[in-house]
Amino acid sequence: MSRIATTFERLAADGRKALIPYITAGDPAADLTVELMLGMAEAGADVIELGVPFSDPMADGPVIQKAAERALTRGIGMPQVLEYVRRFRERDADTPVVLMGYANPVERYDQQHGADAFVKAAAEAGVDGVLVVDYPPEECEEFAARLQAHGLDPIFLLAPTSTEQRMRDVGRIASGYVYYVSLKGVTGAGHLDTGAVAAAVPRIKAHVKVPVGVGFGIRDAATARAVGEVADAVVIGTRLVQLLEAQPRENAVAAARGFIAEIRTALDTLTEGAPA
């Protein structure tokens with residue numbers, strides 16, 4: 001059983017919801033990434049999504065686009081991202097790490113290092129799952145199978161516009177969890193409609209047998225708690241990246257820890273209020 005599956009199984013047994021923060025590797029400073037990952041895990045993050053910087057992040061809004069640009073100017077690419085995970089694993093053997101990004105860095109890595117090099121290197125580094133935004137399920141069954149053969153979970157996005165067929169396609173090959181994009185548009189855009197999320201999650205669960213995480217539009221403890229009432233996991237990225245951008249370097253890790261702890265506390269009130 002993968003670290004992701006084990007984590008969700010443990011949380012379900014405790015009646016708790018998963019907290020999945022996203023940061024861009026190499027931002028706000030190249031040498032802070034591992035400390036940020038460790039700090040968030042210690043503050044209550046259950047899974048960490050680590051963004052792979054890319055020059056054309058089509059699904060991301062201005063905040064994460066700028067974070068990727070800053071990381072790229074520091075020379076952060078896939079080799080550095082995998083090294084961050086290796087260093088994180090030296091100090092945290094349990095918290096799952098999911099790489100989130102785009103096809104180009106994955107395929108470029110294979111071009112430079114040989115067929116299947118990315119999958120092998122990710123597994124060796126201690127990565128647990130991979131979410132490639134522009135790999136739709138119907139076009140990457142072979143890639144998903146290679147990931148699973150190396151103990152990695154292929155994570156897929158679903159959106160308000162996803163058809164029943166797309167949900168079935170995702171349900172057939174996804175493992176770990178699926179990421180439901182609660183809004184039409186890019187990260188950081190729009191107003192979260194928790195009623196629409198509450199209606200969408202049961203539709204997804206009819207076709208997908210892994211946990212459902214919800215992201216986009218979650219900015220604080222209140223919205224996280226509202227989403228946690230209907231989803232298995234809360235994914236939060238833009239607000240965290242924005243917070244880190246605004247911090248002096250010496251305050252970044254403490255700010256991330258405080259923010260994650262606040263969201264964790266809000267999610268855990270759901271357990272406290274649940275019937276015995």
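With a/c under 1.5 counting as rounded, go ahead and sort the stretch 120-276 into rounded, prolate or oblate using the C-alpha gyration tensor (a ≥ b ≥ c being the square roots of the eigenvalues; past the cut-off, prolate if a/b is larger than b/c, else oblate).
Numbers: a/c = 1.71, a/b = 1.25, b/c = 1.37.
Oblate is the answer for the stretch 120-276, as a/c is 1.5 or above yet b/c matches or exceeds a/b.
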Per-q log10 I(q)/I(0), the stretch 1-95, q = 0.10, 0.14 Å⁻¹ (Debye; single scatterer per alpha-carbon; no solvent)
-0.29, -0.55
When the helix-only estimate is applied to the chain (DSSP H runs of n ≥ 4, each -39,500 (n - 2.57), divided by the residue count), what is the mean residue ellipticity at 222 nm, nearest 500 deg cm²/dmol?
-15000 deg cm²/dmol
In bins 5 Å wide, starting from 0, what share of all Cα pairs of the chain does each bin hold, as a percent?
1, 6, 14, 18, 21, 19, 13, 6, 2, 0, 0
If the convex hull is drawn through the Cα atoms of the stretch 1-51, its volume per residue in Å³:
72 Å³
Using the membrane-span-like helix rule (whole DSSP H runs, Cα extent along the own axis of at least 20 Å, mean Kyte-Doolittle hydropathy at least -1.0), which helices of the chain qualify?
252-272
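Would you tally the net charge around Ala224, using a Cβ to Cβ cut-off of less than 12 Å, leaving Ala224 out, and scoring K and R as +1, D and E as -1?
+1
Every number here is computed from the coordinates shown, using simple stated rules; none is lab data. Small disclaimer: the values here were computed from a predicted structure and weren't measured. Positions of Cβ are generated from backbone atoms using ideal geometry, with glycine treated the same way; all protein chains shown enter the neighbour counts.
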